[in-house]
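Visitor: Pasting in a structure now, in structure tokens, and then I'll have a few things to ask.
Every number here is computed from the coordinates shown, using simple stated rules; none is lab data. It should be emphasised that the depicted structure is a prediction, and the values quoted were computed from it without experimental measurement. Here the Cβ positions follow ideal geometry from the backbone for every residue, glycine too, while neighbour counts run over all protein chains shown.
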Amino acid sequence: MSFVTRNFFDKIQNSTTFTKWRLPSPPYYDPNYWDRVYKDLTPDDCIEWGGFDLNGLLKFRFERVTLDEHHGSDVGTQETDSEKESTFAKWMGIQQHSSPEEASQRYLERRTNNEKCNDTILLLGCGNSKMGEQLLVHGFQGPFLHLDVSSKVIQCMTQRYETYLKQAAVQRMEFIVDDAATGLTSLEPESVGGGVIDKGLLDALHCSLRNIHAEDTSNDDGDPIQNIVASVHRVLQPSRPFVFFSRSSPEYMLRRAFGKGNDARNRRKLWTDISVIKLTDLNVMLYRFIKAENHASKQRGMDDGNTVNSRVTTRGFRLKNKQRKK
Ligand SMILES: C[S@@+](CC[C@H](N)C(=O)[O-])C[C@H]1O[C@@H](n2cnc3c(N)ncnc32)[C@H](O)[C@@H]1O
């Protein structure tokens with residue numbers, strides 16, 4: 001889908017007049033929906049949301065999208081005359097080593113020296129994408145945490161990388177079942193020192209949620225996209241990036257991520273730098289939020305006592321989900 005087509009759908013779906021009207025869309029917000037999607041897929045199957053993977057991101061051409069003070073302006077304000085080139089490593093602020101062996105060696109040294117900083121990359125809503133494997137192959141240090149709400153897809157991914165998991169001298173891939181909309185409680189606060197990447201989760205949710213101008217009738221569970229952004233903020237180390245991709249423009253995606261009014265201003269302040277660029281060859285926008293430094297201790301205080309610092313089991317997760325739905 002092109003930017004123009006998505007913009008057309010976004011305009012209809014988020015009309016200011018017919019706020020209750022909604023385009024038909026699969027229930028991407030429902031974890032059971034994803035289990036049904038992955039039910040008949042095998043470990044060899046790979047569906048890359050957006051039709052691109054890390055190979056298209058290692059080096060890319062981009063145009064910066066100018067944002068207004070509040071929620072970002074429309075797609076017509078890109079600096080089209082200043083097309084630039086950049087790399088995934090630069091945008092994530094992480095090092096790409098010259099070989100996977102060198103990355104593995106550096107990872108080992110860090111672990112042995114008990115260094116506090118880490119290059120952990122969290123792949124949010126990883127599905128059966130090969131991004132994690134490609135990060136490993138292309139010399140990023142990791143570890144690479146593959147996280148998805150669907151136990152079915154995590155099972156497939158564990159099977160796909162079974163040989164690696166059994167034979168690698170240093171394991172830098174992990175697979176976790178968790179719901180990003182309920183706090184990412186399987187991860188410790190500020191444990192992700194590389195960055196969080198979401199390819200498709202927020203974008204899919206945006207397409208299936210109600211009109212952004214609709215009255216706020218949210219129940220106790222709150223808005224799934226804002227909950228996910230809050231969960232990501234909790235697990236990221238300060239000054240580290242959250243990167244996600246969407247074909248929808250900032251006027252919609254930033255509104256989704258932060259909401260409206262005073263709450264939006266407060267949520268936005270948790271991030272120091274919000275940038276949006278258009279990847280010209282991939283026909284998608286890259287959104288990057290950098291976690292603000294000064295909220296670190298406050299956030300730590302909020303997390304104390306509320307966090308279960310252990311990996312959730314699939315059964316535990318299912319139970320938690322069931323209780324949430326009641
Ligand atoms: C559009 S797919 C993208 C998959 C993959 N990242 C890719 O690039 O192809 C969205 C993924 O998010 C997962 N997902 C949906 N809701 C989630 C949630 N609340 N927490 C974690 N993962 C979720 C789905 O199971 C699905 O694998």
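Visitor: At most 12 other Cβ atoms within 10 Å and a DSSP loop assignment: could you name the GluC sites (Glu not before Pro) in the range 114-174 that fit?
Guide: Passing both the DSSP loop test and the Cβ count: Glu115.
Visitor: Apply the Karplus curve 6.51 cos²θ - 1.76 cosθ + 1.60, θ = phi - 60°, to the phi angles in the range 28-35 and return the couplings in whole Hz, x for Gly and Pro.
Guide: For the range 28-35, the Karplus-derived couplings read 4, 7, 9, x, 5, 4, 5, 4 Hz, x marking Gly and Pro.
Visitor: Modelled label-to-label distance, Leu58 and Thr87, 7 Å Cα→beta-carbon offset: nm?
Guide: Once both label points are built, they end up 1.0 nm from each other.
Visitor: Could you calculate the FRET efficiency of Arg210 with Leu41 from 1/(1 + (r/R0)^6), where r is the beta carbon distance between them and R0 is 30 Å, rounded to 0.05?
Guide: Working from the Cβ atoms, E equals 0.55.
Visitor: Excluding Val137 itself, calculate the net charge of residues whose Cβ lies under 13 Å from the Cβ of Val137, where each Lys or Arg counts +1 and each Asp or Glu counts -1.
Guide: -2
Visitor: For Leu236, what charge total do you get from the other residues with a beta carbon under 11 Å from its beta carbon, if Lys and Arg give +1 and Asp and Glu give -1?
Guide: After counting each charged neighbour, the total is +2.
Visitor: Moving to a separate point now. For a paramagnetic label modelled at 7 Å from the Cα of Arg110 toward its Cβ, which residues of the range 232-254 fall within the zone defined by backbone nitrogen distances under 15 Å?
Guide: Within reach of a label on Arg110, which here means backbone N under 15 Å from a point 7 Å along Cα→Cβ, the range 232-254 contributes 236-241.
Visitor: Compute the signed sum of charges (Lys and Arg +1, Asp and Glu -1) over the other residues within less than 9 Å, Cβ to Cβ, of Val276.
Guide: +3
Visitor: Using only the alpha carbon atoms of the range 48-202, find the Kirkwood hydrodynamic radius as the inverse mean reciprocal pair distance, in angstroms to one decimal.
Guide: 17.1
Visitor: Take the cross-link list Lys59/Lys116; Lys11/Lys199; Lys84/Lys199; Lys11/Lys260 and give me the ones stretching past 25 Å between alpha-carbons.
Guide: Table pairs above 25 Å Cα-Cα are Lys59/Lys116.
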